[in-house]
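This report refers to the structure that appears directly beneath it.
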Amino acid sequence: MQIQTTIGWALLGLGLFGLLTSTVFLGLLVVGLRKFLRERAAMVAECAAEVYLPAVSVMKPLHGDEPGLEENLRGFFEQDYSVDGVPQFELLFCARSEADAGLQVAQRLAKEYPQVPVKILTAGGPTCANAKVQSLEVMELAATHGIFVISDSDVKVRPEYLREVVSPFRDAKVGGVTCLYRGVAPGLGAKGGSFWARLEGVGMSVEMTSGVVIANWMEGVRFLLGPTMAVRRDCVREMGGMKTLREYCADDFVLGDRIAAKGDTLLLSAHVIDHIILNHGLMDSIKHQARWMKSTRFSRPKGHFGTVLTFAMPFGLLAFAGAAMLGHWAAAAWLLGFAIAGRMLQAALVGALVVREYSLWRTVLLFPLRDLLGALYWAMSYSGRKILWRGEVYELEAEGRMKKAGSRG
């Protein structure tokens, strides 16, 4: 009985500590939201008040014909970014070879939109750990204009995307702009995606966005997010070119960090994009999210370690178990309910005010479970150094560098 009491108090104490830290995190989010919403309103007003359409080079690294790729790429051909009917942007697509199925999709679309300048490029077989960066190197050399807009293949954008992303560059101090995004799980009818894809999307929409909003308030943006990295060509040149990112898994984080380190300003765009979830199965979703967590662990070890204190659900369950072991069932239920309510409030705030979720109530209801899984993925990130990326096995090293370890059989 004495052992049960001791364990009960230990679990309750640990649970209460975690509920306190996750509640503080929620409070920081509320404060950060105020700054973000003010900045976004100012950006929207500035973009509407003055037309600013500098010529830009849009870079799209490709690797195969992913589900929905044609629709995703079509949005970039249909950008409202023209002067007297002449597009003020060029599209650059690059894959390993001309036979790449994704590159062939881009070629078909180029024929449908002959008014849009397009460059179809190949990077050859991988000569570095990060094959995406190898494609970016090729596109950097082929690009014509002074602003690069780099975008992943699994994103969907609206016609005003380029206008809103490029608008902040009217300030010469701005070296980079990035976009927040909502996770979208299409593919299985009107309800949209499998259960596991929806959970992964909720994590992108709420968990990731919450951290970015708080970071923006506390220290400003010192990173870029892969789905959209808009940068000045001069900034890339100053850091030695895209080739300096060859070894890194989190190339988006490193690119933004280096631009910020040189004194240039990084900003969050007013535009929110759709990040399409490609992993519909349980195991594929787990592997993808665990890889992302492991990459963060090596890129930002101290910040990643502290991430565990932002989760509420695991601590709510610990507090529930501890109070129950002590015989305080009403307190146990209240503490677990407090954790659930806090995560639902977080999802409601971020989903409604920031990423503008298409199905807000579904996001609110799913996020407590996603919060619990997020803690599990965090724990899994300490399981070793190896990650699986596009069928290849890599080992992560200090600062997020990676080297090829082998191939999946």
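A compact table of results
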item: From phi via Karplus (6.51, -1.76, 1.60), per-residue ³J(HN,Hα) for the stretch 327-343 in Hz, x at Gly/Pro; result: x, 9, 5, 5, 5, 4, 5, 5, 5, 5, x, 4, 5, 5, 4, x, 6
item: The chain: angle of helix 209-218 to the longest principal axis, Cα-based, in degrees nearest 10; result: 90
item: Overall Cα dimensions of the chain, principal axis frame, Å, largest first; result: 77, 54, 46
item: Förster-model FRET efficiency, 51 Å R0, L141 and I7, C-beta, rounded to 0.05; result: 0.25
item: Computed [θ] at 222 nm, helices only, for the chain once each DSSP H run of length n ≥ 4 contributes -39500 (n - 2.57); result: -16500 deg cm²/dmol
item: Sparse-neighbourhood loop sites, chymotrypsin sites (Phe, Trp or Tyr not before Pro) in the stretch 14-115 - DSSP loop, at most 16 other Cβ within 10 angstrom; result: Y52
item: Cα-based Kirkwood hydrodynamic radius, the stretch 184-267, one decimal, Å; result: 14.7
item: Where trypsin sites (Lys or Arg not before Pro) in DSSP loops with at most 14 other Cβ within 10 Å are excluded, longest remaining stretch of the chain; result: 1-172
item: Ranking of I286, I277 by count of other Cβ atoms within 10 Å, fewest first; result: I286, I277
item: Length-normalised contact order of the chain in % [C-alpha pairs under 8 Å, at least 6 apart]; result: 21
item: Fully extended contour minus Cα-Cα distance, from D84 to D234, at 0.36 nm per residue; result: 51.2 nm
item: Stretch in the chain that is longest and holds no GluC sites (Glu not before Pro) that DSSP places in a loop and that have at most 16 other beta carbons within 10 Å; result: 220-396
item: Rounded to 10°, Cα long-axis angle of helix 313-325 versus longest principal axis of the chain; result: 10
item: If the convex hull is drawn through the Cα atoms of the stretch 68-191, its volume per residue in Å³; result: 149
item: Out-of-range pairs (alpha-carbon distance over 29 Å; input K60/K302; K111/K243; K60/K173; K35/K262; K262/K287; K262/K386); result: K60/K302; K111/K243; K262/K287; K262/K386
item: Out-of-range pairs (alpha-carbon distance over 18 Å; input K132/K403; K294/K404; K119/K156); result: K119/K156
item: Centre separation in Å (Cα based) which lies between the stretch 150-227 and the stretch 34-50; result: 17
item: Of G85, G102, G183, the one that fluctuates the most in a GNM where the chain has Cα springs shorter than 10 Å; result: G85
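Every number in this text was worked out from the coordinates using simple rules, so none of it is lab data. The structure displayed is predicted, hence computed values, not measured ones. With ideal geometry, Cβ positions are generated from the backbone for all residues, glycine too; neighbour counts draw on all protein chains shown.
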